[in-house]
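This report concerns only the one structure given below.
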């Protein structure tokens, strides 16, 4: 993604580049709010406890008791919160931005087209589950034309929507598994190594393929009220150097924030299961091993 001239600049002007890389938290926070990221993340948090519970309940390698599943729900409610998400997310966002990108991104987001894009993004994040299912399955869609389909395909690529979803989903699953192992008594390094052994290398590719069509429909529906000219203006920004940096930084922020929430939930799940095990009689079966925590999130 980086042009050869920027690579040369990196080689011959490392000090200058270092001075112009990363920004302070306040600058990152201003861009985070202007992009509507807080509103979008908050909209996703309400359904998460039920989704995480369903994920554990469907795990074929373990049959969990009602008390264990209740502990999963309680842990997810404590873990998937905006105050858990934002500190690591903003730190990652700031670390992957530069002053020029912040300036250009804020200028775009404050434009009429930028505001319409953010409004559409937030509205899309706030859709109810039933509508999301209809849109993803193709049961509810927006009118389109070949030109518009081409523009939306470019937008999905520029925003890296499928890659972002896969990265976030897998980071949540891995973080929950590691946190669960920690809560069950393993140290951090042992927990990470144990989870890595259970990872499925093909999971990311399989998930990406399965999400490609539903996410394309989701994007088309979300931007249904934006004109073709609006989409072209969005592409002009997102395909620029500043836009690419902004997208990269956004993915890093979301991954870090959701992973932190997953880790917090996993730790609490593991700790709760240990408490339940101590409370049971010695002749009752022990709780599932920490590594039965599912790797793939909802």
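The values are calculated or read from the model by the stated rules, or taken from the named source; none is laboratory data. Everything quoted here is computed from the prediction, not taken from an experiment. Here the Cβ positions follow ideal geometry from the backbone for every residue, glycine too, while neighbour counts run over all protein chains shown.
Things to note:
- Condition met for residue 276 (closer than 28 Å to residue 84 by Cα and either at pLDDT 85 or above or in a helix (DSSP H, G or I) (or both)): yes
- Some residue of region 197-216 being at pLDDT 95 or above, surrounded by 13 or more Cβ atoms within 10 Å (Cβ to Cβ) and part of a loop (DSSP other than H, G, I, E, B): no
- All of 228, 187 fail the test of being at pLDDT below 70, over 26 Å from residue 133 (Cβ atoms) and exposed (fewer than 14 other Cβ atoms within 10 Å of the Cβ), apart from 187.
- Where helices (runs of 4 or more DSSP H) fall wholly inside region 61-156, the ranges with 2 or more residues that are over 23 Å from the mean Cα position of the chain (by Cα), touching a residue at least 12 places away in the same chain (Cβ under 8 Å) and under 30 Å from residue 29 (Cα atoms) are 99-109.
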